[in-house]
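To start, the structure itself, in structure tokens.
None of the figures in this text is laboratory data; all of them are computed from the coordinates on show. Keep in mind that this is a model prediction, so the values were computed, not measured. With ideal geometry, Cβ positions are generated from the backbone for all residues, glycine too; neighbour counts draw on all protein chains shown.
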Amino acid sequence: MKHFIVAGIFVVAALITSVNSFAQQTDPATRQAQMKQKLITDLKMTDVQADSVVAISMSYMPQRRAIYQDQSLSQDDKQAKLKEISDQADKRIQPILGDPLFKQYQDWRTKNMQQMRGGRPN
């Protein structure tokens with residue numbers, strides 16, 4: 001009987017650990033910090049540039065989320081609206097990075113889009 005209780009405690013502890021790990025992965029602050037570090041590492045941005053890009057990107061998250069959740073929109077409509085939002089964000093990001101780094105950022109963003117969404121596919 002004691003073995004079953006101990007085994008049960010381990011199972012509950014493992015579940016709690018798994019849930020905590022998942023929560024940390026989806027935590028917006030954690031994702032923002034990871035994105036900033038990736039911008040600095042991959043694109044050699046300064047802290048100020050990376051902070052600005054992350055802040056601008058995150059400022060559009062509520063609009064993106066609303067589009068994803070809008071059941072009345074077709075997939076094509078969603079993509080068009082998301083492109084409009086990306087264009088708005090890019091207009092704010094481009095002056096911060098300058099042309100060469102902005103082009104690198106756009107290429108990097110395309111390659112890393114899935115990871116920036118927390119690993120969820122389209």
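Here the Karplus curve 6.51 cos²θ - 1.76 cosθ + 1.60, taken at θ = phi - 60°, turns the phi angles of the range 56-63 into couplings of 5, 4, 5, 5, 9, 4, x, 5 Hz, with x standing for Gly and Pro. Label sites at residue 30 and residue 91, each approximated as a point 7 angstrom past Cα along Cα to Cβ, lie 3.6 nm apart. For the pair the range 78-102 and the range 35-63, the centres of their Cα atoms are 12 angstrom apart. Taking 16 Å as the straight-line reach from the Cα of residue 81, the aspartates and glutamates in range (excluding those fewer than 8 positions away in the same chain) are 70, 90. The slack between residue 37 and residue 66, meaning 0.36 nm per residue of separation minus the straight C-alpha distance, is 7.7 nm.
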